[in-house]
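Before any comments, here is the structure.
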Amino acid sequence: MKSIQHLEGKWMNILLVYPMYPDTFWSFKHALKFVSKKASFPPLGLLTVAAMLPEDWNKKLIDMNANSLEDKDILWADYVFISAMSVQSKSANEVITRCKKLNTMIVAGGPLFTSSYENYEDVDHLVLNEAEITFPQFLSDLEKGIPKHKYTSNEWADITTTPLPRWDIVPIKNYTSMNLQYSRGCPFDCDFCDITVLYGRKPRTKTKEQVIDELDTLFFTGWRGPVFFVDDNFIGNKAKLKREILPAITEWMEKRKNPFYLNTEVSINLADDEQLMQLMVKAGFEAVFVGIETPNDESLIECNKPQNRNRDLISSIKKIQHFGLEVQGGFIVGFDNDPPSIFEKLANFIQESGIVTAMVGLLNAPKGTKLQKRLEDEGRMLKDFTGNNTDFSINFIPKMDSKELLDGYQKILNKIYSPKYFYERVMRFMKTFEPKKKKVFHLNPNYILALFRSIFKLGVIGEERIYYWKLFFWSLFRKPQLFSLAILFTIYGFHFKKISGGLN
Ligand code: SF4
């Protein structure tokens, strides 16, 4: 154990560690190489925790997705702070083992530790639930020399008091996108989703001033390009968005000459609100990720997703696209009510929707969800969810024969990410997509490099080369304003193909 005298001093060395992601759909690992970037987003939670630490403490952040963690870093630290999601558990466990070996104390928080704290008894301090509530309690006890093993809370934090994340402690050049959070929680109650377990059903929002401060801070770090609002459901409180937030972002974006390309996550009922879509586009939003899940109505009833029912899902998707927002979609197979025809039906649905970025996963039951409780009662739970629903594992006994389910799942992936179908979908989308706002391009040498890499890797040696060149010239001459998006899609397609191929 490190010298207690040192810990009682005025300052400390704090090492913030973000464990490594496995190679998943969301890691975009195979796409990152094209743009010479190391990871998609910086670890926003740790950047926020860093802002809660005393000013005079030394802080160092290592995102293991971008840099390696050396023993000397662990030895430098009085405390190693780890934040992780379930999908990072393997790497988080390795970090904990290394810290133990080197006698450095560990503080852990974030969704992984909050939902599975009983697996982490050997961690020195578990600071669980929302850091705005539990972290100051830990710090106060630490300063008094009486830190407890575990800090929890049943309350939701008031995020209007959340400090500005410390983007200055991370090399932003390592990332393809920056991220910020405006709201937490979601008003819906899908039974497989742990968002409502972790953050509640009442959307909590930051103030307009906080959002503008965060945009300003990102702007002054020198960032230009994509910014992802990481909200669980950005449109959870539509009235405030329309009244205050989107007009403020629009004004800010215009004043700063549109430095960012915005994207976020929303529920499908965005399609029902034309004013909201118009305001989002005006503010600079270009894409939204929507949990569409399944075209099978019985499965939507099963998972308690009424917002996706009683509507023509394809029409809703097309409507959002028509208003100038690219729709990225999340889909799930493995519901009890999925018929054997679901695989073909879903692949055809995705094709028809023109959703290029289509993430299809297997149903899994995260801890604490209604789904997990039901399966537990039915004696069908097998193990904890890994956090990765695209890795061909299911943590419960499905109704459908497992082999039939896994084979059917593989068939969907093989089809939708195959060059023929993938490029056909890109064309289908781009033919009708008309951005409503003129995009300001920020010259970035990495993007030019990515273009040449895509030409070589996909247009010269790739099996997709015929489709690649067809799309290349078609978009260059017919839709030049979408040319960069077309190239981005080709790179995404490469990643998706690799991911699905890797699962064979
Ligand atoms: S709409 Fe999305 S975030 Fe909200 S409960 Fe359903 S799956 Fe979770």
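The set of residues in the range 250-294 that are part of a helix (DSSP H, G or I), within 16 Å of the ligand (Cβ to nearest atom) and either among the charged types (D, E, K, R) or touching a strand residue (DSSP E or B) at 6+ places or on another chain (Cβ under 8 Å) (or both) comprises Ile268, Leu270, Asp272.
Of all residues in the range 126-152 being of a type in the set (Phe, Trp, Tyr) and part of a helix (DSSP H, G or I), which is nearest to Ala51 (Cα to Cα)?
Phe135
Residues in the range 235-245: is at least one in a loop (DSSP other than H, G, I, E, B) and more than 19 Å from the chain's Cα centre (by Cα)? Yes: the range 235-245 contains one or more residues that are in a loop (DSSP other than H, G, I, E, B) and more than 19 Å from the chain's Cα centre (by Cα). Where strands (runs of 3 or more DSSP E) fall entirely within the range 46-125, those with at least 2 residues that are surrounded by fewer than 17 Cβ atoms within 10 Å (Cβ to Cβ) are at 58-63.
The residues of the range 303-343 that are of a type in the set (Asp, Glu) and in contact (Cβ under 8 Å) with a residue 40 or more places away in the chain, listed by number, are Glu326, Asp336, Asp338. Against the list (1) surrounded by 15 or more Cβ atoms within 10 Å (Cβ to Cβ); (2) more than 16 Å from the ligand (Cβ to nearest atom); (3) not assigned by TED's automatic domain parsing to the domain that holds Asn119, the condition Pro147 fails is (3).
A quick yes/no check of all residues on (1) in a loop (DSSP other than H, G, I, E, B); (2) farther than 19 Å from Asp63 by Cα:
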| site | (1), (2) |
| --- | --- |
| Lys173 | no, no |
| Asp189 | yes, yes |
| Thr217 | no, yes |
| Trp223 | yes, no |
| Phe228 | no, no |
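Being outside any helix (DSSP H, G or I) and either within 16 Å of the ligand (Cβ to nearest atom) or under 30 Å from Lys439 (Cα atoms) (or both): is that true of Asp168 here? It is false that Asp168 is outside any helix (DSSP H, G or I) and either within 16 Å of the ligand (Cβ to nearest atom) or under 30 Å from Lys439 (Cα atoms) (or both).
For (1) of a type in the set (A, V, I, L, M); (2) assigned by TED's automatic domain parsing to the domain that holds Phe41; (3) within 16 Å of the ligand (Cβ to nearest atom), each residue gets a yes or a no:
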residue	(1), (2), (3)
Cys186	no, no, yes
Thr196	no, no, yes
Lys206	no, no, no
Gly222	no, no, no
Ile235	yes, no, yes
Ala239	yes, no, no
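Any residue at all in the range 115-134 that is within 16 Å of the ligand (Cβ to nearest atom) and at pLDDT below 95?
Yes, that holds for at least one residue.
A single member of Glu302, Glu344, Glu352 is acidic (Asp, Glu) and in contact with a Gly (Cβ under 9 Å, 6 or more places away or on another chain), and it is Glu344. Inside the range 28-67, residues that are free of Cβ contacts under 8 Å to residues at least 24 places away in the same chain and touching a strand residue (DSSP E or B) at 6+ places or on another chain (Cβ under 8 Å) make up a count of 0.
The values are calculated or read from the model by the stated rules, or taken from the named source; none is laboratory data. Only a predicted model underlies this, so the values are computations on that prediction, with no experimental measurement involved. Neighbour counts are summed over all protein chains in view; Cβ atoms, including those assigned to glycine, are modelled from backbone coordinates with ideal geometry.
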